[in-house]
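Every number in this text was worked out from the coordinates using simple rules, so none of it is lab data. Computed from a prediction, not measured in an experiment: that's the story for all the values here. In this analysis, Cβ positions are derived from the backbone assuming ideal geometry, glycine residues included, and neighbour counts consider all displayed protein chains.
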Amino acid sequence: MAIRSPIVSVLGHVDHGKSSILDSIRGSNIVKGEAGAITQAIGASIMPLSEIQARCGKLIDQLKMKITIPGILFIDTPGHAAFTSLRKRGGNLADIAIVVIDINEGFRPQTIEAIEILKSYKTPFIIVANKIDLISGFRKTDPLFINCFQKQTPAVQQVIENKIYEIVGVMYEKFQIPAERYDRVENYTKQVAIVPCSAKEYIGLNELLMVLTGLSQKFLEQNLNMNVEGPAKGIILEVKEDKGLGRSVDVILYDGTLKTGETVLVGTLDVPIEAKVRGLFMPEPLSDMRDKKSKFRAVKEVVAATGVKISSPDFTEAVVAGMPIYGIEGQDEEALKKQIKEQIDEVVINTDKDGIIIKADTLGSLEAMIKLFRENEIPIRKATIGNITKKDISDAETNIETDPLDCVIVGFNVKSEPSTDKVKIIVRDVIYSLFDDIKAWREEKRLQLEAKELEGLTRPAKIEILKSCIFRQSGPCIAGIEVLEGVVKNGAALMDKHGAKLDEIKSMQHENKNINVVERGRQVAASFPNIVAARHLKEGEIYYTDLTEDEFKQLKELSKHLTKAEVEVLKDIVKIKRKHNPLWGV
């Protein structure tokens, strides 16, 4: 057994400096031409302990602890999408995370998403308050933040303190997580450390490395034990088509050793597939992995923790990002296949009884979505990886019969077929934005459905028989009416202010045109087939719609769709009814 390097993921909102922080950590020696101090790996940068000590040895000495971790592995593809892809059985692949916040902008949607995910998986993290150099009046005086801070004017110091405490306040109010500037943290197990930085001016980076090293050593050491000689365990970061290599996968290896010629098992949405490793490739020293012109060198074996490109003729289109990849040498192959399939089946949902449909680009993203939606009691019928297809839309349409609120498909980082009148499709690149959008859509849809139910009911209404507007005495009686409050429909039964039944309105006309619905303030001619004017119906009298008890109970349930005036009329109708029957509508 040996201790591996802790795996560090860098997260945060777009343009807050995720890439700049990594570039500055990784690149300070490169710009000086000191090749090889930081090893490049596929999708990762490996900083050995010797380099950490060279940069911040005096700071690490202040920790007063023996450092045994071999270094730090930074995941080089920062962003919430990559982070949610990097999942392993039992937890998040990253041992610790850095959340980058622009100190001048504060929390943004992807910042919030990153912290919610970290919190849900109990992954420890550090906040980097980046871009302190953009604070008005700030002067670069020292690469250490503390020294630099002390040499600022009192006004600049106060601005920095205020902005840090804004972060502290949001952390507690929104996430119930105590936070503090790193040098004032009393207990790293209970408080999140905030390290003010400037990636551009290389300020605070050594303190960041010091805090990462100390946290990893003190609180993560037992989680970093690995079997160097054991079979490889990794997660696919990206699937690529490489010229000369064909289909290859970029993998973060977090345990064991992998050699060329070995056979690996790769997870798919169906059954795990076997693939023989044709080649292992690492970037040349100092090459930037995001540069498509990067050159690679073949290696015979790789040891965790690292990133590596693996080529194999056996990789099929079923191999996607976020899937587990395990070496099988010396293991029970069938048991391993079962373990991998269970790991994927824990996430993918194909046949739940009811609920919405979820699609995501990777297994990790899918898991994060499922966890969020279930925590908020949104039912899920189907959750799987890939673009939204016509089959998905057809499946969603079947929810119309059971629950129209489930006629929706939500997708994270995927493409989609066009939506239909029956199915709502919501695609976003922030998981928590998806959640907010589906909540808003379901609420809007629910109100629409309730309003439609209201259409089939007699509405509470109050009308007046207009004076000198009796146009026919009987057979049928035709009189002018004005709707004082509410809505009156053809077929509505009326009663007087004492509860005596009058008649149903057979039809209504306005300017010789038949109309079915009359709203408040309008005057129309109404036809009453079973009454005689003057005997049953009197000019200037007030009448109400005559509701049944069932209609009243339904209207009470849907009262949010009634106007305030309609609610008052409904109360008047209840008072009239209960004069004859005290338990009416109870």
Quiz prompt | Distance between the stretch 512-586 and the stretch 261-276 - C-alpha centres, whole angstrom | solution = 71 Å
Quiz item: To the nearest 10 degrees, how steeply does helix 205-219 sit against the main Cα axis of the chain, on a 0 to 90 scale?
Solution: 90 degrees
Practice problem: Please report S216, S312, S527 as a ranked list, fewest other C-beta atoms within 10 angstrom at the top and most at the bottom. | Solution: S527, S312, S216
Exercise. Provide the FRET efficiency to the nearest 0.05 for the T402-K506 pair, computing r from the beta carbons and using R0 = 45 Å.
Key: 0.70
Exercise. Provide the percentage of antiparallel DSSP beta bridges, counting only those with both residues in the chain; round to the nearest 5.
Key: 70 percent
Quiz item: Listing T257, T189 from the residue with the fewest other Cβ atoms within 10 Å to the one with the most, what is the order?
Solution: T189, T257
Practice problem: Using Cα pairs closer than 8 Å and at least 6 residues apart in sequence, work out the relative contact order for the stretch 292-391, in percent. | Solution: 25 percent
Quiz item: About its Cα centre, how strong a charge dipole does the chain have in debye, to the nearest 20, once Lys and Arg get +1 and Asp and Glu get -1 at the Cβ?
Solution: 780 debye
Self-check item: Which of F412, F74, F219 has the fewest Cβ neighbours within 10 Å, and the rest in rising order
Solution: F219, F412, F74
Quiz item: What's the extension gain from R108 to N514 if we count 0.36 nm per residue and subtract their Cα-Cα distance?
Solution: 140.6 nm
Quiz item: So which GluC sites (Glu not before Pro) in the stretch 472-530 pass both tests, a DSSP loop state and at most 14 other Cβ atoms within 10 Å of the Cβ?
Solution: E511
Quiz item: What shape does the stretch 499-561 take by its C-alpha gyration tensor, where a ≥ b ≥ c are the square roots of the eigenvalues and a/c under 1.5 counts as rounded, a/b above b/c as prolate, and the rest as oblate?
Solution: oblate
Exercise. May I ask you to list the aspartates and glutamates whose Cα is less than 14 Å away from that of K341, ignoring any residue fewer than eight positions away on the same chain?
Key: D270, E274, E333
Quiz item: Once the dipole of the chain is set up with Lys and Arg at +1 and Asp and Glu at -1 on Cβ about the Cα centre, which of L280, L93, F107 lies farthest towards its positive end?
Solution: F107
Quiz prompt | In Hz, Karplus ³J(HN,Hα) per residue of the stretch 9-25 (6.51, -1.76, 1.60; θ = phi - 60°; x = Gly, Pro) | solution = 9, 10, 10, x, 6, 4, 6, 8, x, 4, 5, 5, 4, 5, 4, 5, 4
Quiz item: Among V249, V320, L265, whose Cα sits farthest toward the positive end of the charge dipole of the stretch 233-345 (+1 at Cβ of Lys/Arg, -1 at Cβ of Asp/Glu, about the Cα centre)?
Solution: V249
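Considering Cα pairs under 8 angstrom that are at least six residues apart, work out the relative contact order of the stretch 462-580 and quote it in whole percent.
Working: 230 pairs, mean separation 37.6, N = 119.
It rounds to 32 percent for the stretch 462-580.
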Quiz item: What lysines could a cross-link reach from K243, if we take a straight Cα to Cα line under 23 Å and drop same-chain neighbours fewer than 8 places away?
Solution: K259, K276, K292, K293, K295, K300, K309
Quiz item: So, with +1 on the Cβ of K and R and -1 on the Cβ of D and E, and no other charges, what is the size of the charge dipole of the stretch 462-580 about its Cα centre, to the nearest 20 debye?
Solution: 180 debye
Quiz item: Put +1 on the Cβ of each Lys and Arg and -1 on the Cβ of each Asp and Glu in the stretch 106-231; which of Q217, I127, I167 then has its Cα farthest toward the positive end of the dipole?
Solution: I167
Quiz prompt | Local electrostatic count at L49 - Lys and Arg +1, Asp and Glu -1, tallied over other residues with Cβ under 13 Å | solution = +2
Quiz item: If you average the sequence gap of Cα pairs under 8 Å that are 6 or more apart and divide by the length of the stretch 356-453, what percent do you get for the contact order?
Solution: 27 percent
